[in-house]
Amino acid sequence: MSWGSLLWRNLARNKLRSALTGGAIALAIALVCFLATMPDGMNRLLEQFASGTRVVVHNEAGLVYPLPYAYLQKVRAMRGVVAATSWTWFGGVFVDEEGVSFPNFAIEPDQVGVVFEDYGIAPEALAEFRSRRDAALVGRATLRRYGWKPGDLVTLKGTVFPVDLRFRIVGEIPSERAPHFWFQREYLEQAVAASGGRLDFLGTIWVRVDDPARVDPLLREIDETFHNSEAQTSTETEKSYFKNFFGMLEGLVMLIMIVTALVAVCIVFIAANTASMTVRERMREIAILKSIGFSRRLVFGMLVGEATLLATLAGAVGAFASLGLSQLVRAAAGGWNPAMGPLASFIVTNTILVEGLFLAFFIGMLSGVVPSLGAARRGVVQTLREVF
Amino acid sequence: MALPLRYSLGNLLARRTRTALTLGVVAVVVLATTLLLALVSSLRRTLISTGSPDNLIVLRKGATNDGSSALPLDAYQALRYFEGIARGADGEPLVSPELVVQPFFRTRDGGRENVLVRGVEPVALAVHDSVRIVEGRMFNPSSGEVIVGDGVAGRYEGAAVGEQIRFGRGTWQVVGRFASGGDSLESEVWVDVRELARDAKRPLPYSGLRVRAAPGADLDALARRIGDEPRWALEAERETAYYAEQSKSADALYLIVIGLAVLSGIGAICGATNTLYASVQARTAEIGTLRALGFSRGAILSAFLIESLLMASAGFAIGGLFAWGLAAAISSSLGGVGFAAATFTTSVIDLHVGFLDLCWAALLSLVIGLVGGWFPALRAARLRPMEALRRA
């Protein structure tokens, strides 16, 4: 009989116990993987999706304070600026009851493809976005949430401006983490003008810089340019912008990480408990194995191997289950959530899966070590005397 | 005859490692669940308790919150004299015109957050009847003075009474601090409405109105009358309903907490079941003896159930205590837990384990104890005395 099948048989000896332990560990690993998606969503946004050569200009006083529209042309003319586009919050509502359920902005279509090069928007979609007045580019998550596809007509009710706009979706922003809905600024300008108003401001300006080394000087240059004007700006890198924007979630992230750690501790307890029970019940046969010549090391390895195998198998099941769990939550509560930002992306990445699996592996091993060491060290004669 | 409680207790103490580990599982599950329950209930307390049942909020039609609304001066002037509106001590109608702006504030640890700044007139204190000045005094109009909510005072730079705070385009003198029963108004800063409109360069001075209905008046009828007024496209809603709607952004969190409680509870049930099965197995001979001595099946069943329940309640006590301490530690170290409201402003949540949270956690550990103990106890009760003795 090979070692592998011996381990397996040992696990199968008390099927109920193995199933209960395995089930508990699988559940806990699934929870850990799921909870880990929340801080992970924030990290990814900052580390991977925030581009190092994209900077954002906004009013120093706050994001709801507008900037004059003329700032865009001034920024575009600066040295080192490859492309720039402005975002103006439209606050459009698709379903009345849901309120603003995805961020929608009026933008200039001409340079958006360059500023957000890394989003990988198809050139045909960009071309159509430029050519149609009522065109809209929509993030993948939002498309999926409402079952929209390119070619669909969608009407958004304005909450900031007293106008309702009808859009034709011309393409997708192919990123799971971009819920945005972008449309042409000119379309909004005309609608506002028709209702008797005038749109002469913008919200934020997004700038693509040609050289990472030029980013810092440019940040200073922009802020100095507008220093003594009617609206002072604050310019920062995309990463710092997101960090600040979601800074208020810090406490929530901390709480979630504490809870995740607690659930992981739980796995240690469950696994250690089972390992200690198993070892205790097998005192006799361990003593016999040793007395017929099996080494301590083998006995120890066998017991630890059993605990590790069980935990790892359960961990694999749990990690896999977290994929389903996250999908369920995404379907029920996912999408863009203004209160939780990137915490609510609920995407179990491969890294999280592997981490969950390793966590199970190490915990299994760890939990087996103490009782197995005791069993391997125990004197044969003493044990046999006690048991018989 | 029933087995004495000491029997169950003694069994738990006889296998200390095993008991400690299982107890640890229950305690950790209780701790994790209670912390999240406390977060949810603190959020609810803050967001939902906001608003008076006698008040209406009036916004522009289509606006989902007062941050995205604007209404003309003449609408305010006309609405004041609608029938069914309460009057203050001075005979003036209790209608509070308000402007909401969300500027950046610097947190004490160097961060930057959007805070809701509400421009008001002195009548606001009579309309928002939950608000009380607890330190300093009300601001004087047009003198660059502000009063800050309880949650704001500790969290932001220069926000304590007597200090100067920078936001918007200017620097403001903090002259008072107000409390509002722990609701989300405490995360706000109040300032003279005209001064705020000037600072924010808003063409229309007001984003919305808060209206206090006269005692006995029909709020819904009043709301309908305001909504039907054809001169301005306005919409009136009960304040309580408005804040309940605003708190919907926390729904995803509720879902996660419930799911987490259920799943980790099942995990703990598995752990408890395991331990008790092992304990039944190890005590087969003993159970056989007890049965032979004349103890009934019911007595055995209840002895094991009691054992399991004892374990669960000890776990609950330890977990609950830790949760209470940890929540207080987190809340005081961060100056409250920040949460983003639908208006993108920060609500400062005072994380606090309430009695109801503990009740839910107690229920969870009761279920863990009962379900985790049931099957092993049943197995023990079903052992036939002769077989049990022989097997041993």
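The values are calculated or read from the model by the stated rules, or taken from the named source; none is laboratory data. Please read these numbers as outputs of a predicted model, since none were measured by experiment. With ideal geometry, Cβ positions are generated from the backbone for all residues, glycine too; neighbour counts draw on all protein chains shown.
Within region B:1-24, residues that are under 21 Å from B:Gly319 (Cβ atoms) reach partners that are exposed (fewer than 13 other Cβ atoms within 10 Å of the Cβ) with beta carbons closer than 8 Å, at six or more positions or on different chains, in the pairs B:Thr19/B:Leu13.
Of everything in region B:214-254, what is aromatic (Phe, Trp, Tyr) and in a loop (DSSP other than H, G, I, E, B)? Give them in sequence order.
B:Trp232
For region B:346-362, the count of residues that are at the interface with chain A (Cβ under 10 Å from one of its Cβ atoms) and part of a helix (DSSP H, G or I) is zero. If the condition is being over 17 Å from A:Ala61 (Cα atoms) and at pLDDT below 90, then region B:153-172 contributes B:Ala153, B:Gly154, B:Arg155.
Scan region B:113-134 and tell me whether some residue there is outside the structural domain of B:Asp350 (by TED's automatic domain parsing), under 26 Å from A:Gly247 (Cα atoms) and modelled with pLDDT under 90.
Within region B:113-134, one or more residues are outside the structural domain of B:Asp350 (by TED's automatic domain parsing), under 26 Å from A:Gly247 (Cα atoms) and modelled with pLDDT under 90.
For region A:207-235, filtered to residues that are within 13 Å of chain B (Cβ to nearest Cβ) and buried (at least 19 other Cβ atoms within 10 Å of the Cβ), the residue that is farthest from B:Leu253 (Cα to Cα) is A:Thr233. When the helices (runs of 4 or more DSSP H) confined to region A:1-105 are screened for residues that are over 25 Å from the mean Cα position of the chain (by Cα), at pLDDT below 90 and facing chain B (nearest Cβ under 9 Å), those reaching at least 2 such residues are found at A:15-44. Among the residues of region A:177-188, not a single one is within 14 Å of chain B (Cβ to nearest Cβ), part of a loop (DSSP other than H, G, I, E, B) and aliphatic (A, V, I, L, M).
Would you say B:Leu39 is facing chain A (nearest Cβ under 9 Å) and at negative phi? When the stated conditions are applied, B:Leu39 passes them. Hey, could you check region B:164-175 for residues that are surrounded by 18 or more Cβ atoms within 10 Å (Cβ to Cβ) and in a strand (DSSP E or B) and say which is nearest to the other protein chains (Cβ to nearest Cβ)? Top of the filtered list is B:Phe167.
Kindly list, by first and then second residue, each pair from a residue in region A:6-35 that is under 12 Å from A:Ala319 (Cβ atoms) to a residue that is of a type in the set (S, T, N, Q), limited to pairs with Cβ atoms under 7 Å and residues at least 6 apart or on different chains. Going by the 7 Å Cβ cut-off, the qualifying pairs are A:Ala30/A:Ser322; A:Leu31/B:Ser264; A:Val32/A:Thr260; A:Cys33/A:Ser322; A:Phe34/A:Ser322; A:Phe34/A:Ser326. For region A:342-383, the set of residues classified as closer than 21 Å to A:Ser276 by Cα and either assigned by TED's automatic domain parsing to the domain that holds A:Pro103 or outside any helix (DSSP H, G or I) (or both) consists of A:Arg378, A:Gly379, listed by residue number.
Selection of first residues in region B:168-187 that are within 18 Å of B:Thr345 (Cα to Cα) and of second residues that are in a strand (DSSP E or B) and of a type in the set (Asp, Glu), restricted to Cβ pairs under 8 Å at least 6 apart or on distinct chains, gives an empty result.
Just one of (1) surrounded by 20 or more Cβ atoms within 10 Å (Cβ to Cβ); (2) more than 14 Å from every other protein chain (Cβ to nearest Cβ); (3) within 24 Å of B:Arg16 (Cβ to Cβ) fails for A:Phe300. It is (1). For B:Gly62, the conditions (1) part of a loop (DSSP other than H, G, I, E, B); (2) on the phi < 0 side of the Ramachandran plot; (3) surrounded by fewer than 24 Cβ atoms within 10 Å (Cβ to Cβ) are fulfilled apart from (2). Just one of the numbered conditions (1) closer than 19 Å to A:Val259 by Cβ; (2) of a type in the set (Gly, Ala, Ser); (3) away from every other protein chain (no Cβ under 14 Å) is not true of B:Gly227: (1).
Among the residues of region B:173-182, is any among the aliphatic types (A, V, I, L, M) and closer than 23 Å to B:Phe104 by Cβ? For region B:173-182, residues among the aliphatic types (A, V, I, L, M) and closer than 23 Å to B:Phe104 by Cβ: present. When each of B:Ser130, B:Ser52, B:Ser96, B:Ser69 is tested for being of a type in the set (Ser, Thr, Tyr), over 24 Å from A:Glu60 (Cβ atoms), away from every other protein chain (no Cβ under 14 Å) and buried (at least 21 other Cβ atoms within 10 Å of the Cβ), the lone residue that passes is B:Ser96.
Does at least one position in region A:50-61 carry a residue that is of a type outside the set (Gly, Ala, Ser), surrounded by 19 or more Cβ atoms within 10 Å (Cβ to Cβ) and under 30 Å from A:Gln327 (Cβ atoms)? Looking for residues that are of a type outside the set (Gly, Ala, Ser), surrounded by 19 or more Cβ atoms within 10 Å (Cβ to Cβ) and under 30 Å from A:Gln327 (Cβ atoms), one finds none in region A:50-61, hence no.
Out of B:Ala361, B:Ala342, one residue alone is modelled with pLDDT under 90 and of a type in the set (Gly, Ala, Ser). It is B:Ala342. Every condition in (1) crowded, with 23+ Cβ neighbours inside 10 Å; (2) modelled with pLDDT under 85 is met by B:Pro203 except one, and the failing one is (1).
Please work out if A:Gly318 is of a type outside the set (A, V, I, L, M, F, W, C), farther than 30 Å from B:Thr345 by Cα, within 14 Å of chain B (Cβ to nearest Cβ) and more than 39 Å from the chain's Cα centre (by Cα). Judged against the criteria, A:Gly318 is not a match.
Selection within region A:267-297: residues that are within 13 Å of chain B (Cβ to nearest Cβ) and polar (S, T, N, Q). The member of this set that is surrounded by the fewest Cβ atoms within 10 Å (Cβ to Cβ) is A:Ser276. Scanning region B:255-306 for residues that are facing chain A (nearest Cβ under 8 Å), surrounded by fewer than 22 Cβ atoms within 10 Å (Cβ to Cβ) and at pLDDT 85 or above returns B:Leu263, B:Ile266. Given the criteria touching a residue at least 12 places away in the same chain (Cβ under 8 Å) and either surrounded by 18 or more Cβ atoms within 10 Å (Cβ to Cβ) or touching a helix residue (DSSP H, G or I) at 6+ places or on another chain (Cβ under 7 Å) (or both), does A:Leu153 qualify? Answer is no for this residue.
Restricting the search to region B:60-98, which residues are in contact with a helix residue (DSSP H, G or I) (Cβ under 6 Å, 6 or more places away or on another chain) and at pLDDT below 90? Listed by number, the residues that qualify are B:Gly84, B:Gly88. Could you grab me the full set of residues in region B:241-291 that are β-branched (Val, Ile, Thr), without any contact (Cβ under 8 Å) to a residue 12 or more places away in the chain and touching a Leu at 6+ places or on another chain (Cβ under 8 Å)? Once the filter is applied, which keeps residues that are β-branched (Val, Ile, Thr), without any contact (Cβ under 8 Å) to a residue 12 or more places away in the chain and touching a Leu at 6+ places or on another chain (Cβ under 8 Å), region B:241-291 yields only B:Ile266.
Checked against (1) within 14 Å of chain A (Cβ to nearest Cβ); (2) more than 30 Å from A:Gly341 (Cα to Cα), B:Asp199 meets all criteria but (2). Just one of the listed residues (A:Leu325, A:Leu309, A:Leu313) is touching a residue at least 40 places away in the same chain (Cβ under 8 Å), surrounded by fewer than 22 Cβ atoms within 10 Å (Cβ to Cβ) and within 30 Å of A:Arg144 (Cβ to Cβ), and it is A:Leu325.
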